[in-house]
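Below is one structure; the comments refer to it alone.
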Amino acid sequence: MCRNIVPLNNLEPAATDEECHDAALQFVRKISGTNAPSRANQAVFDRAIAEIALATRQLLDDLVTAAPPKNRAAEAAKRQARSAERYEAIRVYQQEKRAARASS
């Protein structure tokens, strides 16, 4: 799944329509393979985003859970920590690769 699409269910406060739109936009960009469609495809691109955002909103409104709502700030902190770990691992790998090349 695209890392830019974050779980929106069971958050306190609840997900906004803008967040549903942003998730739909990321989804359409991912599956279409483009960030900016051509003028010929703009209407189709926009319609897909609107339809997916509506479906997302309906899904979130209809989901039922017994779990307590998640704290947005805590969830964001977890995502940032995972991201920092990922990028640190990449940085270390690249540093080791450069060192190995330099020693050969």
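Which numbered condition trips up Ala67, out of (1) modelled with pLDDT under 95; (2) in a helix (DSSP H, G or I)?
So Ala67 meets the others, but not (2).
Only one residue in Leu60, Leu54 is touching a Leu at 6+ places or on another chain (Cβ under 7 Å) and either among the hydroxyl-bearing types (Ser, Thr, Tyr) or part of a helix (DSSP H, G or I) (or both), so which one is that? Quick ask: steps written out before the conclusion?
Numbers: Leu54 fails: touching a Leu at 6+ places or on another chain (Cβ under 7 Å).
Of Leu60, Leu54, the one residue that is touching a Leu at 6+ places or on another chain (Cβ under 7 Å) and either among the hydroxyl-bearing types (Ser, Thr, Tyr) or part of a helix (DSSP H, G or I) (or both) is Leu60.
Taking region 38-60 as the region of interest, how many residues are in contact with a Pro (Cβ under 6 Å, 6 or more places away or on another chain) and without any contact (Cβ under 8 Å) to a residue 12 or more places away in the chain?
We begin by selecting, within region 38-60, every residue in contact with a Pro (Cβ under 6 Å, 6 or more places away or on another chain); these are 45.
Those still in the list that are without any contact (Cβ under 8 Å) to a residue 12 or more places away in the chain too: none.
Number satisfying all stated conditions: 0.
So is Lys97 out of contact with any strand residue (DSSP E or B) (no Cβ under 7 Å at 6 or more places or on another chain), at pLDDT below 95 and exposed (fewer than 11 other Cβ atoms within 10 Å of the Cβ) or not?
Values: out of contact with any strand residue (DSSP E or B) (no Cβ under 7 Å at 6 or more places or on another chain): yes; at pLDDT below 95: yes; exposed (fewer than 11 other Cβ atoms within 10 Å of the Cβ): yes.
Yes; evaluated as a whole, the condition is true for this residue.
Suppose we filter Arg47, Arg82 for residues that are open to solvent by 50 Å² or more (accessible area, probe 1.4 Å), basic (Lys, Arg) and farther than 22 Å from Glu12 by Cβ; which single one remains? If you could, list the steps in order and put the result at the bottom.
Working: Arg82 fails: farther than 22 Å from Glu12 by Cβ.
Just a single option satisfies the conditions, and that option is Arg47.
The values are calculated or read from the model by the stated rules, or taken from the named source; none is laboratory data. The model shown is predicted, which means the values in this text are computed figures rather than measured ones. Virtual Cβ from ideal backbone geometry, glycine too; neighbours counted across all protein chains shown. For accessibility, only protein heavy atoms count, side chains too; no ligands or nucleic acids. Shrake-Rupley method; radii C 1.70, N 1.55, O 1.52, S 1.80 Å.
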